[in-house]
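Single-structure report; data block below.
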Amino acid sequence: MNRKWKDAAHLIRPAVVFLAGLLIFLGLRSALVPSDFGKWGHYRAGALEEIRSKPLRYAGKETCAGCHVEQAGQWEAGKHARVACEACHGPAAAHAADFDKVKPARLDIASLCSGCHEKDAAKPSWFRQVASAEHSGGAGCEGCHQPHHPKL
Amino acid sequence: MDTSRREWLTGAGKLFVLGFATAAGVETSGQASLNSGGYDVRKHYWAMTIDIEKCIGCGNCVRACEKENGVPEGFFRTWVERYEIKGADLEHPQVSSPDGGKHGFPPSNRADTKQFFVPKLCNHCQDSPCVQVCPVGATFDSPDGVVLVDESYCLGCRYCVQACPYGCRYIHPEKRTVDKCTLCYHRITRGLTTACCEACPTQARVLADLANPADPVHEFLRTNKVQVLKPHMATRPKVFYRGLDGAVR
């Protein structure tokens, strides 16, 4: 037995060094790579939750209609029924969260209307468009049209 | 010689124990759940449909995206292009996108060209080149079909910016990491639509859930001729265009 292992030290020593190196690698790897890395693919699964938790700016038209019942009723019956509230009024999640403190800005109706309805050859032909200079001579749209229910 | 080896082994042993202790600490904090807040990633597969015949180039989507996602000035997660094509010259369309179309387009009433608007955004490809080239696993396909970026992993190496055939990525000037459309992941996982779809006045853009049999997208895909951008790139995009002209690149 003793004779057999007498000269084995030169094999055991590198083996110990190799094993120690392996253990250090595994230890460092488990320390540095998050446990959820690779759960669904080559990425950190926790990133999904972080991206999900970002704050909202646009509340969604259902939230608006929850309080502004009268305007929502007008809007639903009109030609603009498929244009969401925040498409014109801007992001309102902060307003919905604290409606006393945060008020949406008042809108400049002329530029708002022409932003969509100004005549342009690239716009699809089914879409109602006017050359505002000819159409009203610069008069405000709201004199004739009600934005929530735009009929003459 | 022997002493120094002993010292080395002792040191390595300490490091090893320290490593495992840290790992144990990380494990308890880094948990992500498959089904959180009533949202199950396995039950959705997100896409978008864009109807060229409905886009009026108002720029509402670009402004909404900027406000919802804090997109820095001069960069775009979505933008609108105006194409002008003269006759049969499909190879040389004039493409303009002033400030990404954020404030609309200067009115043009040229009668001698064909004109239309093309809204663009990340195509959330099923075989995304950007995901394939990321060396650190910072860009990935989520199980519900959205190409996302883990900001804490991104090195800012720009491989993905070069790899995207659609030009949908940029380096955020302050964070110095890559930034792109998340398909408003923070909204769609809470039952809302994306900011661009919410703000689109003509429903030219519609968020779609391919995994939901009741989603109108299936009717849309069945009854319309649709096209994706650069199909020859074999990226299998999930933004489906209706009425897309052959000149669009």
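Observations on the structure shown:
- Hydrodynamic radius by Kirkwood, which averages 1/r over all alpha carbon pairs of the range A:73-152, in angstrom: 14.3 Å
- Among beta bridges identified by DSSP and lying wholly in chain B, the antiparallel ones come to about 85 percent.
- Split the accessible area of the protein assembly as shown by element, probe 1.4 Å, and carbon with sulfur accounts for 58%.
- Two-decimal Rg to Rh for chain B - Kirkwood Rh, Cα set: 1.12
- Its Cα centre serving as origin, the protein assembly as shown has a Cβ charge dipole (Lys and Arg +1, Asp and Glu -1) of approximately 1180 debye.
- Low-density loop cleavage sites - trypsin sites (Lys or Arg not before Pro) in the range A:30-139, where at most 11 other Cβ are within 10 Å (DSSP): A:K101, A:R106, A:R128
- Between B:A208 and B:A47, B:M48, B:T49, the built amide H atoms are under 5 Å apart, and every one of these is 5 or more places off in sequence or on another chain.
- Positive-pole candidate from A:P150, A:V130, A:A8, dipole of chain A, charges at beta carbon: A:A8
- Overall dimensions of the range A:1-130 by Cα: Rg and Dmax, Å: 32.8, 104
- For the protein assembly as shown, diffusion coefficient by Stokes-Einstein and Kirkwood Rh (Cα), 20 °C, 1.002 mPa s, µm²/s: 87 µm²/s
- The range B:147-158 - phi-based ³J(HN,Hα) in whole Hz, Karplus 6.51/-1.76/1.60, Gly and Pro as x: 8, 10, 10, 8, 4, 6, 9, 5, 8, x, 7, 6
- Cross-link table A:K123/B:K225; A:K61/B:K225; B:K67/B:K230; A:K101/B:K102; B:K175/B:K238, entries beyond 23 Å C-alpha to C-alpha: A:K61/B:K225; B:K67/B:K230; A:K101/B:K102; B:K175/B:K238
- Accessible area in square angstrom per residue, chain A, 1.4 angstrom probe: 68 Å²
- Distance between the modelled labels on A:D7 and B:E151, one decimal in nanometres: 6.5 nm (7 Å Cα→Cβ projection).
- Based on DSSP H segments of at least four residues, each scored -39500 (n - 2.57), chain B has a per-residue ellipticity at 222 nm of -7500 deg cm²/dmol.
- Between the beta carbons of A:A139 and B:E174, assuming R0 = 45 Å, the FRET efficiency works out to 0.50 to the nearest 0.05.
- A Förster distance of 45 Å, applied to the separation of the beta-carbon atoms of A:F25 and B:Q227, puts the FRET efficiency at 0.35.
- Summed buried accessible surface, chains A and B, 1.4 Å probe, nearest 100 Å²: 4800 Å²
- For the range B:175-248, the fraction of alpha-carbon pairs in successive 5 Å shells from zero, as %: 3, 13, 17, 24, 22, 13, 5, 2, 0
- Heavy atoms of the protein chains alone define the surface here; on that basis chain B has 46 Å² accessible area per residue at 1.4 Å probe size.
- Using Cβ point charges alone (K and R +1, D and E -1), the dipole size of chain A about the Cα centre works out to roughly 1260 debye.
- For B:Y170, nonlocal amide neighbours, meaning residues 5 or more places apart or on other chains whose placed amide H falls under 5 Å from its own, are B:D179.
- Using the Cβ-Cβ distance between A:V69 and A:I109 with R0 set to 22 Å, the FRET efficiency from 1/(1 + (r/R0)^6) comes to roughly 0.45.
- With both labels modelled 7 Å from their Cα along Cα-to-Cβ, the B:D112 to B:K67 distance reads 4.0 nm.
- ³J(HN,Hα) computed for each position of the range B:51-63 - Karplus, 6.51 cos²θ - 1.76 cosθ + 1.60, integer Hz, glycine/proline x: 9, 4, 5, 10, 6, 10, x, 7, x, 4, 5, 5, 5
The values are calculated or read from the model by the stated rules, or taken from the named source; none is laboratory data. Please read all numbers here as calculations on a predicted model, not as lab measurements. Cβ coordinates were reconstructed from backbone atoms using ideal geometry, including for glycine residues, and neighbour counts include every protein chain displayed. When the accessible area is computed, the model is the full protein with side chains, heavy atoms only, and any ligands, DNA or RNA have been set aside. Shrake-Rupley method; radii C 1.70, N 1.55, O 1.52, S 1.80 Å.
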